[in-house]
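A short write-up of the structure that comes next.
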Amino acid sequence: MKYSLASRDLIADSVELTMRGHCYDALVGLAGCDKSLPGMMMAMVRLNVPSVFMYGGTILPGRFKGRDVTVVDVFEAVGKHSAGQIDDKELHELECVACPSAGSCGGQFTANTMACVSEAMGLALPGSAGAPAPYESRDAYAEASGRAAMNLLKLNIRPRDIVTLKSLQNAAAIVAATGGSTNAGLHLPAIAHECGIDFDLHDVAEIFGKTPYIADMKPGGRYVAKDLFEAGGVEIVMKTLLDGGYLHGDCITVTGKTIAENLADVTFPTGQDVVRPITNPITPTGGVVGLRGNLAPEGAIVKVAGMKALQFTGKARCFDCEEDAFAAVERRDYKPGDVIVIRYEGPKGGPGMREMLSTTAALYGQGFSDQVALITDGRFSGGTRGFCVGHVGPEAAVGGPIGLLKDGDTITIDATTGTMTVDLTDGELAERRKAWQPRRTDYQAGALWKYAQLVGPAEKGAVTHPGGKAETHVYGDIGQ
């Protein structure tokens, strides 16, 4: 998992090298899972040649004991197994049915979240993000994407005409409305960075804080991506947000038309409850929340979709890597009221800012997700649920407050006010910082060493180069 986020930037770099090396005029970018989606979109706006994004599609849900299941159910079942709630046979049966087809993980996890973003941002054809991977209708979208790319070339409409501050705000709104992945808090700033637009974690969180949560999607809700597709797809969510005044309808898209023009004939479907009307949201604000405070001066992020309690105060239980935390959870060496702290897992400190899905899923499976909280300078899977706060910055590896915590410190997390604090004065934190020493990782050569040297803070998207603001020329401008 240390290599996952690093792969996003490698994907963007490799597409850039291929495009520049062959002097291609336009691009259709296909992406299947998690980091390949933002990586491809980052490359599109970096190169700025006419481009169309196409998603590989979601997996079909598995069926287990009469209900739809996803890969996250397997992770959570590992926790149930360790707690003695299910036996080997039941866990094995679930493993065998959870992933029945090709496609990306089936809930509103990172891949499906970023697929929704591709439509909301205008880089993908309307409707293309929804059809499951095995469906033959994806073939028609593939051909249409190629035709759209040629039309964009003819019209000279390029990604930076499409990806603007307004369209990035649209993208953040779709994440909030669907209770999407916290990883969008990294990927949207990274996409913005590629074209020189200021749009960091706090800007994303501002949109989250004023957008209603209307799509009842897993992991916080009841439905999988296939259900959203059958209810009308991403377009239904977008049209509902547009009619409610939560989307900018004047943004241009890869169709050559605006968002509003693309959605003009879309009507809200009755007889379904996957997507709620804007007048009856699940919650009035988004399913993802940004936090800030003396424990996270550069911010943090938490998914609140499906959560009942939005405040938590408890005592710190500190671990300096995920393995140690997972081992403690597996042996149930924690107690209600603990705030499990996993640090030195940030972009530089990991290196790679890996996901804590194994630990959070085990907590959930053991039935303690509402009795403990977890904070980390690492990331979470889009499938994580419970009081789990990620992207805490500055990270421990650069001397951030999370690295100064000690067992027993009192931590308060409040997702209603958007704050996360430790009960220490500035003076006490300063004293602890005097004794803090930076740590060496085991990655002193190779790709992760290089990544650790280049990567910036999570707050700005964990990017690895100066971005659009530093450009003296753009590839797409050559020969124009």
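Please compute the Kirkwood hydrodynamic radius of the chain from all pairs of different C-alpha atoms, in Å with one decimal. Display every interim value, and only then the final one.
Numbers: mean 1/r = 0.0445 Å⁻¹.
Computed over the chain, the radius equals 22.5 Å.
Counting only protein heavy atoms and a probe of 1.4 Å, the accessible surface of the chain is 53% carbon and sulfur.
Remark: the Asp88-Leu454 segment gains 127.4 nm on full extension, using 0.36 nm per residue and subtracting the alpha carbon distance.
Rolling a 1.4 Å probe over the heavy atoms of the protein chains gives the chain an accessible area of 39 Å² per residue.
So between Arg332 and Leu310, what do we pick up on full extension, going 0.36 nm a residue minus the alpha carbon distance? Present the calculation step by step, with values, prior to reporting the outcome.
On the way: separation 22, 0.36 × 22 = 7.92 nm, distance 2.40 nm.
Additional length available on full extension: 5.5 nm.
How do Val389, Val28 stack up against each other in accessible area, from largest to smallest, with a 1.4 angstrom probe? If you can, show how the numbers build up before the last one.
Details: Val389 0, Val28 55 Å².
Largest accessible area first, the list is Val28, Val389.
Scaled against the 2.2 N^0.38 Å expected of a compact globular protein of N residues, the Cα radius of gyration of region 192-251 reads 1.34. A cut-off of 5 Å between modelled amide H atoms, ignoring neighbours fewer than 5 places along the same chain, links Gly299 with Gly293, Gly393. Residues within the reach of a label modelled at Met150 (point 7 angstrom out along Cα to beta-carbon, backbone nitrogen below 18 Å), restricted to region 238-271, are 254-256. With Rh defined as the Kirkwood radius, the inverse of the mean 1/r over Cα pairs, the Rg/Rh of region 236-336 is 1.15. Evaluating 6.51 cos²θ - 1.76 cosθ + 1.60 at θ = phi - 60° for every residue in region 278-288, the Karplus couplings come out as 5, 7, 9, x, 5, 9, x, 10, x, x, 10 Hz, glycine and proline recorded as x.
Is it possible to state the helix-based mean residue ellipticity at 222 nm for the chain, with each DSSP H run of 4+ residues giving -39500 (n - 2.57), the sum divided by total residues, to the nearest 500 deg cm²/dmol? What is it? Per the formula, -11000 deg cm²/dmol. Run the numbers on the chain and let me know its relative contact order in percent, using alpha-carbon pairs under 8 Å that are six or more apart. Reported as a whole number, the value is 18 percent.
Taking amide H atoms as placed 1.01 Å from N in the peptide plane, the amide H of Val28 lies under 5 Å from those of Val52, each 5 or more residues away in sequence or on another chain. Note on Gln272 and Lys406: with the Förster distance fixed at 51 Å, the Cβ-Cβ geometry gives a FRET efficiency of about 0.50. Counting only Cα atoms, region 1-158 measures 61, 34, 23 Å along its principal axes, largest extent leading.
Under a 5 Å amide H cut-off, with hydrogens placed 1.01 Å from N, Val389 pairs with Leu374, Ile375, Thr376 among residues at least 5 apart or on other chains.
Mind checking the alpha-carbon convex hull of region 300-368 and giving the volume per residue in Å³?
On the way: hull volume 7.1 nm³, N = 69.
Cα-based convex hull of region 300-368, divided per residue, equals 102 Å³.
Using a probe of 1.4 Å, the accessible surface attributed to Arg63 totals some 140 Å² when neighbouring protein chains are kept in position. Each residue of region 233-250 was assigned a 3J(HN,Hα) from its phi angle through the Karplus curve 6.51 cos²θ - 1.76 cosθ + 1.60 (θ = phi - 60°); the sequence is x, 4, 4, 5, 4, 5, 5, 5, 5, 4, 5, x, x, 9, 10, 7, x, 8 Hz, with glycine and proline shown as x.
Applying a 10 Å radius around every beta-carbon, put 146-153, 34-41 in order of their mean neighbour count, most first.
Working: 146-153: 17.5, 34-41: 26.4.
Order by mean packing, descending: 34-41, 146-153.
Can you tell me the relative contact order of region 223-340? Whole percent, Cα pairs under 8 Å, sequence separation 6 or more.
On the way: 94 pairs, mean separation 19.9, N = 118.
Once normalised by length, the contact order is 17 percent.
Here the extension length gained between Lys469 and Asn280 equals 63.9 nm, from 0.36 nm per residue of separation less the Cα-Cα distance. Each residue of region 78-88 was assigned a 3J(HN,Hα) from its phi angle through the Karplus curve 6.51 cos²θ - 1.76 cosθ + 1.60 (θ = phi - 60°); the sequence is 4, x, 5, 5, 5, 8, x, 7, 9, 9, 4 Hz, with glycine and proline shown as x.
Residues with beta-carbon under 15 Å from that of Gly62, excluding Gly62: net charge, scoring Lys, Arg +1 and Asp, Glu -1? That works out to -2.
For the ranges 429-438, 64-73, what's the packing order if you count other beta-carbon atoms within 10 Å of each residue, average per peptide, and put the highest first? Numbers along the way, then the final one.
On the way: 429-438: 10.9, 64-73: 17.7.
With the highest mean Cβ count within 10 Å placed first, the list reads 64-73, 429-438.
Taking a ≥ b ≥ c as the square roots of the eigenvalues of the Cα gyration tensor of region 359-469, is the shape rounded (a/c under 1.5), prolate (a/b larger than b/c) or oblate? The shape class here is oblate.
The values are calculated or read from the model by the stated rules, or taken from the named source; none is laboratory data. Model, not experiment: these values are computed from the prediction. Please note: Cβ atoms are built from the backbone with ideal geometry, for glycine as well, and neighbour counts cover all protein chains shown. All accessible areas refer to the heavy atoms of the entire protein, side chains included, with ligands and DNA or RNA removed. Shrake-Rupley method; radii C 1.70, N 1.55, O 1.52, S 1.80 Å.
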